[in-house]
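Working notes for the structure below.
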Amino acid sequence: MSRIVIADDHPLMLSGLVALLGQSSHDIIGKATNGNEALMLIEQLEPDIVVLDARMPEKSGVEVVQELIAKVRRPAVVVLTADLNDDDLVALMDAGVEGIVLKNGGEHLLVDCLDKVASGRNAIPRELRNRHTQLMASRSQSPLNSLSHRDREIIALVRKGLRNRAIGEELGLTEGTVKVYLNRIYEKLSVSSRTELLMVLQTLV
């Protein structure tokens, strides 16, 4: 039996998820209504799986996932969404989430997804995997095209001379998460330091 934390800011959706999963083989050990609550429960309860709404106040599901990347041990992540913009899809796929469930699908999709994730399998719809592949192919034509909206926000603050802690305070991220983002930016632009990053940006912009 998997121990699960659920986070969704809509009370009806949250109660519906609890009722649905209460009939499954999964055990709900915590409920949250925003991203910060979700992170707190994950830290306290150490669930096997966390189910996150992609759009929540304070911190979105996408931002919670980015926070979790910096942790040595993290739960498997399933994201619920009505739709995903390109940047969020790339961010979730790059972060290695285990499952994505579209809210316009049937109730059984979430249970099926959790069953797969609990057994160590990937549960991301084929259409989203194909869309991600197409996005990566189109973005590979220019290094800057591979940067997400959050990447660009961080780069803008780096160009202003802010250090990691100050960037985190500005964007509501931990210093560790900022480091993760910067390392991914370095990989995308084939650089290894802030100095190289700034030099490359001068030639590309």
Checklist entry - Hey, rough spin-label estimate for Arg73 and Asp27, points 7 angstrom out along Cα→Cβ, what's it come to in nanometres? => result 1.7 nm
Item to check | Test item: Cα-centred dipole of segment 3-137, Lys/Arg +1 and Asp/Glu -1 on Cβ, debye | outcome: 340 debye
Checklist entry - Which value, in nm² and rounded to one decimal, describes the direction-averaged projected area of the C-alpha convex hull of segment 1-154? => result 8.9 nm²
Item to check | Contact order relative to length of the chain, as percent, for alpha carbon pairs under 8 angstrom and 6 or more apart | outcome: 14 percent
Item to check | Neighbourhood charge, 10 Å Cβ-Cβ cut-off, centred on Arg121 and excluding it, Lys, Arg +1 and Asp, Glu -1 | outcome: -1
Checklist outcome for this item: Note: Leu45 to Lys103 extended length (0.36 nm per residue) minus current alpha-carbon separation gives 18.3 nm
Next on the checklist: Greater than 28 Å separation of Cα atoms is the criterion. Which listed pairs, Lys31/Lys116; Lys31/Lys188; Lys59/Lys103; Lys103/Lys160; Lys31/Lys160; Lys71/Lys188, meet it?
Outcome noted: Lys31/Lys188; Lys103/Lys160; Lys31/Lys160
Checklist entry - Taking segment 139-180, which trypsin sites (Lys or Arg not before Pro) meet the DSSP loop condition and have no more than 11 other C-beta atoms within 10 Å? => result Lys160
Checklist entry - Against the longest principal axis of the chain, how steep is helix 86-95, in degrees 0 to 90 to the nearest 10, with axes from Cα atoms? => result 80 degrees
Checklist entry - Fewest to most neighbouring Cβ within 10 Å: what's the order for Thr174, Thr133, Thr203? => result Thr203, Thr133, Thr174
Item to check | Residues Val77, Val64, Val158, sorted so that the one with the fewest Cβ neighbours within 10 Å comes first | outcome: Val158, Val77, Val64
Checklist entry - So what is the calculated 222 nm ellipticity per residue for the chain, using -39500 (n - 2.57) for each DSSP H run with n of 4 or more, over all residues, to the nearest 500 deg cm²/dmol? => result -16500 deg cm²/dmol
Item to check | Amide H contacts under 5 Å for Ser2, placed H, 5+ residues apart | outcome: Asp27
Checklist entry - What's the percent breakdown of Cα-Cα distances in segment 74-146 across 5 Å bins, shortest bin first? => result 3, 16, 27, 23, 16, 9, 5, 2, 0
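Every read-out reported here was derived from the displayed coordinates using simple, explicitly stated rules and does not represent laboratory data. It should be emphasised that the depicted structure is a prediction, and the values quoted were computed from it without experimental measurement. Cβ: placed from backbone, ideal geometry, glycine included. Neighbour counts: every protein chain shown.
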